[in-house]
Amino acid sequence: MRPRPRLRAIMIPMLLLLLAPRPGIAQDAEAAWAALRQGGHVALVRHATAPGTGDPPSFRLDDCATQRNLSPAGRAQAKAIGANLRWHGIRIDGVYSSQWCRCLETARLMGLGEVIALPALNSFFTEPDREDPQMAELRVWLADQPQTGAIVLVTHQVVITALTGIMPASGEIVVVRDTRGGGLQLVGRIPAPD
């Protein structure tokens, strides 16, 4: 059955619109890079590619073999994230990470300096009751940080979503500014490197 000419007249422009380049994404990333260069902003980095969802039921924080870990592509992605931050001239005041191995490995492979484990960045995927108190703790911590250079926080999708409402891809950076009033202002998003 062939589409009617009238239906085709509607479908073709809609298809072209969906396939057209979206300059807003590039502008959003440029605003995020500019904010990080300016200093006083936070780069929320979702850990690099680690196939799967969550962790096995018997995972242990102190044993990477029991966790979902970075793939070879994820390791390369983590290195590319760090290279992008250096290429854009971002001055890093600190690199903090969830205690999960995939986050710590992402942060270390980024090669931006000492990585400090910060429990407030840990996943609460299997313990949703921890979300509110943990996010309150993280907001207090953020409010106490100097607003000079950029702070890099390597964490999980659930943490970034709880803070911003955004569901980032693996390796994506969501840039925010602490308003010092207990809130975060979204500045932009930087897509994960290819």
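The values are calculated or read from the model by the stated rules, or taken from the named source; none is laboratory data. The shown structure was predicted, so the numbers you read here are calculated from the model rather than taken from an experiment. Note that we place each Cβ from the backbone using ideal geometry, even for glycine, and neighbour counts take in every protein chain shown. For the accessible areas, the whole protein counts, side chains as well, though only heavy atoms, and no ligand, DNA or RNA atoms are used. Shrake-Rupley method; radii C 1.70, N 1.55, O 1.52, S 1.80 Å.
For residue 111, which of the numbered conditions (1) touching a helix residue (DSSP H, G or I) at 6+ places or on another chain (Cβ under 8 Å); (2) crowded, with 21+ Cβ neighbours inside 10 Å fails to hold?
Failing condition for residue 111: (2).
Taking segment 175-194 on its own, how many of its residues are within 16 Å of residue 37 (Cβ to Cβ) and in contact with a Gly (Cβ under 7 Å, 6 or more places away or on another chain)?
So the count comes out to 2.
Are any of the residues in segment 167-185 in a helix (DSSP H, G or I) and either out of contact with any strand residue (DSSP E or B) (no Cβ under 8 Å at 6 or more places or on another chain) or free of Cβ contacts under 8 Å to residues at least 60 places away in the same chain (or both)? Steps first, answer last, please.
Step one: of segment 167-185, the residues in a helix (DSSP H, G or I) are none.
So far as segment 167-185 goes, no, none of its residues is in a helix (DSSP H, G or I) and either out of contact with any strand residue (DSSP E or B) (no Cβ under 8 Å at 6 or more places or on another chain) or free of Cβ contacts under 8 Å to residues at least 60 places away in the same chain (or both).
How many residues, within segment 50-68, are open to solvent by 50 Å² or more (accessible area, probe 1.4 Å) and either over 11 Å from residue 105 (Cα atoms) or part of a loop (DSSP other than H, G, I, E, B) (or both)?
Count: 11.
I need the full set of residues from segment 105-115 which are free of Cβ contacts under 8 Å to residues at least 40 places away in the same chain and either in a loop (DSSP other than H, G, I, E, B) or among the aliphatic types (A, V, I, L, M) (or both), in order please.
111, 113, 114, 115 - these are the residues of segment 105-115 that are free of Cβ contacts under 8 Å to residues at least 40 places away in the same chain and either in a loop (DSSP other than H, G, I, E, B) or among the aliphatic types (A, V, I, L, M) (or both).
Looking at segment 84-99, which of the residues that are under 28 Å from residue 134 (Cα atoms) and within 15 Å of the chain's Cα centre (by Cα) is surrounded by the most Cβ atoms within 10 Å (Cβ to Cβ)?
Filtering segment 84-99 for residues that are under 28 Å from residue 134 (Cα atoms) and within 15 Å of the chain's Cα centre (by Cα), the one surrounded by the most Cβ atoms within 10 Å (Cβ to Cβ) comes out as 97.
Residue 147 passes all but one of (1) touching a helix residue (DSSP H, G or I) at 6+ places or on another chain (Cβ under 9 Å); (2) open to solvent by 40 Å² or more (accessible area, probe 1.4 Å); which number fails?
Status for residue 147: all satisfied but (1).
Of the residues 36, 121, 142, which single one is under 17 Å from the mean Cα position of the chain (by Cα), more than 17 Å from residue 171 (Cβ to Cβ), aliphatic (A, V, I, L, M) and open to solvent by less than 30 Å² (accessible area, probe 1.4 Å)?
142
For segment 162-172, what are the residues that are touching a Gly at 6+ places or on another chain (Cβ under 9 Å) and either on the phi < 0 side of the Ramachandran plot or surrounded by fewer than 15 Cβ atoms within 10 Å (Cβ to Cβ) (or both)? Quick ask: steps written out before the conclusion?
So the first thing to find is which residues in segment 162-172 are touching a Gly at 6+ places or on another chain (Cβ under 9 Å), and the list is 170-171.
If the condition is that a residue be touching a Gly at 6+ places or on another chain (Cβ under 9 Å) and either on the phi < 0 side of the Ramachandran plot or surrounded by fewer than 15 Cβ atoms within 10 Å (Cβ to Cβ) (or both), then 170 is the only one that fits.
Could you tell me whether residue 81 is surrounded by fewer than 16 Cβ atoms within 10 Å (Cβ to Cβ) and at pLDDT 95 or above?
Criteria not met by residue 81.
Before we move on, is residue 153 under 15 Å from the mean Cα position of the chain (by Cα), of a type in the set (A, V, I, L, M) and within 21 Å of residue 28 (Cα to Cα)?
Judged against the criteria, residue 153 is a match.
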